[in-house]
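S.K.: Following this message is one structure expressed as structure tokens.
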Amino acid sequence: MYPVFEMIDLRLLSSSEAGTSPLSSTSEASPLLAHDGYGALHSPSSPAAAAAAAAATSTKEKQRRAAIYVGVRVGVVLLASVVAYLLPEFELLIALVGSIGAGMLAFIVPGILGLVMYRGTATRREKGGYGCLIAFGVVGGVVGASYALHNLIYGQSQC
């Protein structure tokens, strides 16, 4: 599993027969990250630092963090359910969110990452390609968002 998912794994809530957490240290849950005792994450400088940080985090603190995580997830699902129930044409709102998010994830972010990662080695042609990718994402996102917003305001559903 990915380290972020391992940190918030609900196995932290259960306890073994000895009364300790099945994951006795943060480094077992995620070898890449450790807690500093105040909720912040950092990469440990050594295995001893990771063990010390894990020892400082008690089982009760792990259970509290897992409970907050579950509470936030339940709250987001309930909020989405209420919005879906109250809006007569929820698919129009989803179309608006999708047009903005898809343009960002599919075109704009990869173009920016390509420009940043290869800024010193990219040729003019490659930089132009990244720029076209970003421009296409912006234009497509604006057109899609304006169309979805128009349909949301005037209530024209495709379904």
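S.K.: Might you check whether a residue that is of a type in the set (Val, Ile, Thr), surrounded by 13 or more Cβ atoms within 10 Å (Cβ to Cβ) and either modelled with pLDDT of 80 or more or part of a loop (DSSP other than H, G, I, E, B) (or both) occurs anywhere in segment 90-106?
M.R.: Initially, segment 90-106 is screened for residues of a type in the set (Val, Ile, Thr), giving 94, 97, 100.
Now drop any that are not surrounded by 13 or more Cβ atoms within 10 Å (Cβ to Cβ), which leaves 94, 100.
Filter again for either modelled with pLDDT of 80 or more or part of a loop (DSSP other than H, G, I, E, B) (or both), leaving 94, 100.
Yes - at least one qualifying residue is present in segment 90-106.
S.K.: Let me ask something else. Taking segment 76-113, which residues are more than 16 Å from the chain's Cα centre (by Cα) and more than 22 Å from GLY144 (Cβ to Cβ)?
M.R.: LEU78, LEU79, SER81, VAL82, TYR85, LEU86
S.K.: Can I ask one more? Could you grab the pairs with beta carbons closer than 9 Å, sequence gap of 6+ or different chains, first residue in segment 66-82 and within 21 Å of ILE94 (Cβ to Cβ) and of a type in the set (D, E, K, R), second one modelled with pLDDT of 95 or more and in a helix (DSSP H, G or I)?
M.R.: none
The values are calculated or read from the model by the stated rules, or taken from the named source; none is laboratory data. Predicted, not measured: the structure shown is a model, and the values here were computed from it. Cβ coordinates were reconstructed from backbone atoms using ideal geometry, including for glycine residues, and neighbour counts include every protein chain displayed.
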